[in-house]
Amino acid sequence: MEQAPGGSRPEARTPPTCYRHPDRETGIRCTRCDRPICPECMVNASVGFQCPDCVRGTSGGGPSPAAARPRTIAGGSVTADPRLVTKILIGINLAVFIAVQVSKTVLNDVVLIGAWPPAPFHPTEGVAGGEWWRMVTSMFAHEAVWHFAFNMLGLWWLGGPLEAALGRARYLALYFTSGLAGSALTYLLASPSSATLGASGAIFGLFGATAVLMRRLNYDMRPIIALLVINLIFTFGWSNIAWQAHIGGLVAGVVVGYAMVHAPRERRALVQYGTCALVLAAVVLVTLLRTAQLT
């Protein structure tokens, strides 16, 4: 369990709840009124964060309306529906799932295949055959009902809070970066003739970013660590699971998540999106090297 050093206050054991959202625990307080505030209610101040009420009460030389607009802990805009992008992602996964159930031809076109036919023949299908889109489409493809349901439950459970904490654009960047990192590692290490699919790489990226965010907010880390360990046990103990996608997504999620919540305020966007760009550059490099190897 993560505890504040040297403290003996009751909040160290049981985090207080946001004064505007009583169902949300938080370890952050307004620097003016000392009331607990959740990531959705945090407004950047010259020192720490302020609550929306204190920001609205500022007069005279206070921040401009744009500066006073509520921001997430990562600097994103606070929105009326903090789960909108998560709902859209689930909707896309559902649409692809239905299409796959209707036609197996769709499944063959969207799964991640490294190269087909295998060596010594020259590949005409798969990523090595020029079908680069499979790196993305495989992130939304599911064939089994249990696989789809399990991933969408994880996306809803992890994605909603992360979207609220990061903001829509940063959350979407995290999701796609993690998913593509999982696809790249699968392409690199898995058999080129094997077909893989699923949103698991992106979901494991959300796992990693959630752990980073919880540590940043001084939350109890034990629940997310326990859930992650259980998922890793299934990853390596269950057959027919592309562990490469899980590990690639997890590593990318930790790296990007750390940049999102720890970037210095004065150059926040540069650090956040620059980190995403570096991870994507690594994805492109790995993909090009593997393609050269297979062709």
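The values are calculated or read from the model by the stated rules, or taken from the named source; none is laboratory data. The model shown is predicted, which means the values in this text are computed figures rather than measured ones. Counting neighbours? That spans all protein chains shown, and the Cβs are built from the backbone with ideal geometry, glycine included.
Miscellaneous remarks
- Complete set of residues in the range 190-242 that are at positive phi and among the small types (Gly, Ala, Ser): GLY198
- Scope the range 219-265; condition under 24 Å from ALA282 (Cα atoms), modelled with pLDDT under 90, out of contact with any Phe, Trp or Tyr (no Cβ under 6 Å at 6 or more places or on another chain) and assigned to a helix (DSSP H, G or I); matching residues: LEU232
- If the condition is being modelled with pLDDT of 90 or more and part of a strand (DSSP E or B), then the range 66-118 contributes LEU112, ILE113.
- Among the candidates SER178, SER138, SER193, SER183, the residue that is touching a Pro at 6+ places or on another chain (Cβ under 9 Å) and touching a residue at least 40 places away in the same chain (Cβ under 8 Å) is uniquely SER193.
- Residues (modelled with pLDDT of 80 or more and under 23 Å from the mean Cα position of the chain (by Cα)) located in the range 27-36: ILE28
- Positions within the range 108-152 being polar (S, T, N, Q) and farther than 18 Å from TYR187 by Cα, in sequence order: ASN151
- Yes/no for GLU143 being buried (at least 17 other Cβ atoms within 10 Å of the Cβ), without any contact (Cβ under 8 Å) to a residue 60 or more places away in the chain, outside any helix (DSSP H, G or I) and acidic (Asp, Glu): no
Okay, residues lined up against (1) in a helix (DSSP H, G or I); (2) surrounded by 24 or more Cβ atoms within 10 Å (Cβ to Cβ); (3) in the same structural domain as GLY248 (by TED's automatic domain parsing):
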{"position": "ALA149", "(1), (2), (3)": "yes, no, yes"}
{"position": "LEU158", "(1), (2), (3)": "yes, no, yes"}
{"position": "THR186", "(1), (2), (3)": "yes, yes, yes"}
{"position": "PRO192", "(1), (2), (3)": "no, no, yes"}
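- Scan of the range 195-212 for residues that are farther than 20 Å from LEU153 by Cα and either part of a helix (DSSP H, G or I) or modelled with pLDDT under 90 (or both), ordered by number: VAL212
- Number of residues in the range 119-140 that are assigned to a loop (DSSP other than H, G, I, E, B) and on the phi < 0 side of the Ramachandran plot: the value is 9.
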